[in-house]
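The values are calculated or read from the model by the stated rules, or taken from the named source; none is laboratory data. Quick caveat: nothing in here was measured; it's all calculated off a predicted structure. Please note: Cβ atoms are built from the backbone with ideal geometry, for glycine as well, and neighbour counts cover all protein chains shown.
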Amino acid sequence: MVFQSFALLPWLTVYENIAIGLQSSSTEEGEIKSRVRKAIDIIGLEGFEEAYPKELSGGMKQRVGIARALVVQPELLCMDEPFSGLDVLTAENLRGEVIKVWLDRKAEIRSILIVTHNISEAVFLANRIVVLGSNPGRVRVIINNELPFPRDTHSTGFLAMVDRIHDIITNAILPDEAEVPAPEIHRAPPRVEPLPNTGVSEIVGLLEVLDDQSGQVDIFDLAVHIGKDFGTVIAVAKAAEMLDFVDTPKHTVVFTDLGKKFVKVDVNERKNIFNEQLRKLRVFQIILSMLSNAENRELDEDIVIEELVLVLPTENPERLFDTAIAWGRYAELIGYNADEHTVYLDTGEERD
């Protein structure tokens, strides 16, 4: 297993970190040394055997993590966003080296399973790409990637595959709205939509970029422009759309009238607009109702989190709670006391 966060033990050297996976096995000392030396040679860590993690760059730390996984001679190598914590050039270099190790059969690996939010990375590495959906978690589509190795990231076939996956994800997360049907006598309860895991500053930043781009931008170009991965950008766009600041026809993010107004006013008026829009979201309606009926208009955070679990059982409740608090604080709608772990209704009055 190769982890996103490197997961190296700081008191062990590079050699010792790589060998640690074999220490609890019945492998003889001579075999351990042989395997560690082979892994070091494959990954290019010669000369760093006695270095400690604090002496290494991010790319070198991840090389140690990969070597540690290879030393146990797995048939399946699992990698959890292994390049997301690296700078662009280091990540690109290490991706190329990993795929070369696999193609050249330098290790005993028969398959690699990699989790990634980077679409280009998936197309560059994988022969089979599984696009997952959420709420509930499921396989949305499986795509066979028959592009030959080595893969040229600028080739027509590569770019077409990236666009295909972009379309699948965009249509799933930001679907074009269908025509609204005529009102019915009996309506189902309003659907509770989860809050995207994004901050207010990112939402405002998106609107500022839109303002600079004359109110319209392609979402793929936007990801490149601001240097963020596609998953992050699409979450920000989803949040802005929930607040009625933008529309998202096809691949385009477009200002609404409210979004245009938001970027033109001062910070206090922005807070007022944000406040009004949050009151329209079911998550905030539920929280506000709970607080309004509570003694002193405040509740323990655990009570609010428990309610979020009930209404959105497939979401991460703590993360959803943190997002709601961050948005609510900015809008001066709800407050949070970190010392007492309580949520309260922000009435604008001083609290004891």
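Across the stretch 312-328, what is the number of residues that are part of a loop (DSSP other than H, G, I, E, B) and either at pLDDT 90 or above or among the β-branched types (Val, Ile, Thr) (or both)?
Let us first name the residues in the stretch 312-328 that are part of a loop (DSSP other than H, G, I, E, B), namely 312-316.
Right, trim to either at pLDDT 90 or above or among the β-branched types (Val, Ile, Thr) (or both) and you get 314.
Going through the stretch 312-328 one residue at a time, the tally reaches 1.
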Selection count, the stretch 210-232, where residues are under 18 Å from the mean Cα position of the chain (by Cα), in contact (Cβ under 8 Å) with a residue 24 or more places away in the chain and assigned to a helix (DSSP H, G or I)
6
Flagged in the stretch 55-74 as farther than 15 Å from Gly44 by Cβ and among the charged types (D, E, K, R), in numbering order, are Glu55
Among the candidates Val253, Val283, Val233, residue that is in the same structural domain as Leu312 (by TED's automatic domain parsing) and surrounded by 15 or more Cβ atoms within 10 Å (Cβ to Cβ)
Val283
Can you name the number of the only condition in (1) at pLDDT 90 or above; (2) on the phi > 0 side of the Ramachandran plot; (3) not hydroxyl-bearing (Ser, Thr, Tyr) that Gly348 fails?
(1)
Please find, within the stretch 100-151, the residue that is surrounded by the most Cβ atoms within 10 Å (Cβ to Cβ) out of those that are more than 24 Å from Lys228 (Cβ to Cβ) and acidic (Asp, Glu).
Glu108
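Residues checked against (1) at pLDDT below 85; (2) assigned by TED's automatic domain parsing to the domain that holds Lys228; (3) more than 17 Å from Phe3 (Cα to Cα):
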{"position": "Asp41", "(1), (2), (3)": "no, no, yes"}
{"position": "Gly47", "(1), (2), (3)": "yes, no, yes"}
{"position": "Val71", "(1), (2), (3)": "no, no, no"}
{"position": "Leu86", "(1), (2), (3)": "yes, no, no"}
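Could you say which residue among Phe83, Phe48 is closer than 30 Å to Lys228 by Cβ, in a loop (DSSP other than H, G, I, E, B) and aromatic (Phe, Trp, Tyr)?
The conditions single out Phe83.
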Condition first: assigned to a helix (DSSP H, G or I) and either modelled with pLDDT of 90 or more or among the small types (Gly, Ala, Ser) (or both). Now tell me which residues in the stretch 17-33 satisfy that.
Ala19, Gly21, Gly30
Answer yes or no: is there a residue in the stretch 217-235 that is at pLDDT below 85 and within 19 Å of Arg282 (Cβ to Cβ).
no
Here is a list of conditions, (1) among the hydrophobic types (A, V, I, L, M, F, W, C); (2) surrounded by fewer than 16 Cβ atoms within 10 Å (Cβ to Cβ); (3) under 24 Å from the mean Cα position of the chain (by Cα), and Phe3 meets all of them except one; can you say which number that is?
(2)
Can you tell me which residue in the stretch 152-164 is surrounded by the fewest Cβ atoms within 10 Å (Cβ to Cβ), limited to those that are closer than 13 Å to Ala126 by Cα and among the aliphatic types (A, V, I, L, M)?
Val162
